[in-house]
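Notes follow once the structure below has been shown.
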Amino acid sequence: MTVLSSLVRLYDRLQAAGEAPRPGYSAEKISFAIELDAAGNARLSDRRDVTGKKPVAVLMDVPKGPKRASGIRANPFWDKTSYVLGVTAVEEEGEIRAGQGKRTADEHAAFVEAHLERLEGSEAPGLRALRAFLEAWTPEQFAEKGWPVAALDQNLVFEFDDGSGPRFVHDMAEVARILVKGDDEDEGLCLVTGEAAPVARLHPSIKGVLGAQSSGASLVSFNNDAYESYGKSQGDNAPVSEHAAFAYGAALNALLSHKDRHLRIGDTTTVFWAEAKEAAAAGFAEMLLGQAINPPDDASEGKRLQAALAEVASGRPADPQLDPETTVYMLGLAPNAARLSVRFWHVGRFGDFAKNTVAFWEDLRIEAHPDHPPWHGPPAIWSLLYETAIRVGGKPKAETIPPLLGGELMRAVLMGQPLPRSLLTAVIGRVRADGHVSGRRAAICKAVINRGLRGHDDPLLEKEMIPVSLDRDNTNPAYRLGRLFAVLESAQSTALPGLNATIKDRYFAAASATPARVFPLLIKNATHHLALLKKGEKGGLGFWLEQQMGDIWAGLEADMPRAFNLEDQGRFIAGYYHQRWAPKAADQDDDLELVETDQ
């Protein structure tokens, strides 16, 4: 099942619900309307939404315009002021005023010429008024009429009152007949619908993909001889009918314009939708899809979401509208010059999606300090990527996230596959660089390693799994040495408070990679720290830490590992985190708690 055919079917549902423009139209941001009388006299009306802090343009269905990356081509019955009125915003002496740029006059001439040609012979009152306006208008009238500079470079439409109430000119039946194409178009077999129909020469522009051109980018295009074959040009190389091309573009743009129907993960913009026999079932599935991909921050809402998805995963949802057999679609898009690249395309059952999402959350579950939970609710997929980003001023920079990681992670979660090893590599790299061992990073190490081991028949691999909470009986050398490092750090920070740099700052990266070279030095220093503690007021704490060191050391082999691979470095981080934030042991008095450091 192809991406385009699925989007074409989605368009029919969106258009029926009023969420997508009718055929031949597109949703555009409109700010002002030119109100015409029968003689073509005009006044400017502000149509922006003023309910917010500042006025914003409103989306309006208008006739679909031509693609114009750099050339001059007028939109039908609407456009920006440089085309419609022949004026643009220019700055003179620090003030913005109406003026003309290098090609403003040519743009206005193209708009007037195209519409006078369309309107020739038309007797409809609204179209006669528009023709009279275009024939009489001059750019100087903008300032003469005192029209506001806020309208400059905004999109305008025309409105006319024929006595039965004002109507937009582009919505008139006469305009629809003018815009209908003739029957002389070349027909071909549409690869999407399988029907013979006029073939789209150029495919629609898709707007709203992070990093792509603001004017839109093409999902399908042929703009160079190298991409063409058998003497065919542009859209003839992959024949898609005009209707199918419009439908998939309108559906995709509708998803990208709806904040609850798409999500940006790394450099990938992910859109999602559902398909079911009943529109209500598809709507319910889409609502849960959006919440599962971007869970609510509220803990109680998160628990309700987890419960709902668990019911769907089990095949026995309490709500009959949540059908596990509903088909769900996930499409990941990324910018590629003037085109869009497909990062991933996933089609599956809603029940499988719920099952894989719940499993993903379970893999990330880790016991944490109650005051510092890694997540307040179910973790969002995108939140994992920020643990791989470089931090500047304590804040992660999204642009430093590895570019392909978002698509790889999303695909692994949706299909229930092992998480990408590159995620583990990136997280460990950040820990080695900044020394920040948080609950999120420890949870990611746990999830990547455990999912990679799951599904094997070897029972010995079960011993390599990282537990949810502190496992004092775990004999894995990397896990135990991570625990030991946490105890050594606590001994140092308690014996020598106020240090500018602890052993974690200086030795964590080396200890987690080459333990045999580093730990002898750390153990030697720890004996001095414990001696200081035993002589002072915190003698009890010194004996307790010494006991902890002995218990951990007793589970290690005599020969310490010379080097750890990537997975063992992840186990080291998890062991360190578990030991550092573990609940108090039964033999630990209230005044003998470990000194907590920043997560």
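Things to note:
- In the chain, the longest principal axis of the Cα atoms and the axis of helix 539-554 are about 80 degrees apart.
- Between 0 and 90°, nearest 10: helix 3-16 axis offset from the chain longest Cα axis: 60 degrees
- Normalised by the number of residues in the chain, the average gap of Cα pairs under 8 Å and 6 or more apart makes the relative contact order 10 percent.
- Cα gyration tensor shape for the range 22-100, rounded if a/c is under 1.5, else prolate or oblate: rounded
- For F158, nonlocal amide neighbours, meaning residues 5 or more places apart or on other chains whose placed amide H falls under 5 Å from its own, are I34, V169, H170.
- Sorting the segments 355-363, 74-82 by their mean number of nearby beta carbons within 10 angstrom, highest to lowest, gives 74-82, 355-363.
- On the principal axes of its alpha carbon atoms, the range 76-202 extends 60, 37, 22 Å, with the longest extent given first.
- The chain - mean residue ellipticity at 222 nm from DSSP helices (-39,500 (n - 2.57) per run, n ≥ 4, rounded to 500): -13000 deg cm²/dmol
- Calculated P(r) tail over 19 Å for the range 268-324, as whole % of Cα pairs: 30 percent
- Protection proxy ranking of 377-388, 241-252, by the mean of other Cβ atoms within 10 Å over each peptide's residues and highest first, is 241-252, 377-388.
- In whole percents, the pair-distance distribution calculated for the chain from its alpha-carbon pairs, binned every 20 Å from zero, is 16, 37, 27, 15, 4, 0.
- In the range 31-179, Cα pairs under 8 Å separated by at least six residues give a relative contact order of 31 percent.
- Tilt relative to the chain, helix 421-434 - C-alpha long axis, 0 to 90 degrees, to 10: 70 degrees
- Packing rank of 161-168, 132-139, 313-320, where each peptide gets the mean count of other beta carbons within 10 Å, highest leading: 132-139, 313-320, 161-168
- Residues in the range 55-97 that a label on A143 would reach, taking backbone N under 15 Å of a point 7 Å out along Cα→Cβ: 86-97
Values in this text are rule-based calculations from the coordinates and carry no lab data. Bear in mind the structure is a predicted one, so any value in this text is a computation, not a measurement. In this analysis, Cβ positions are derived from the backbone assuming ideal geometry, glycine residues included, and neighbour counts consider all displayed protein chains.
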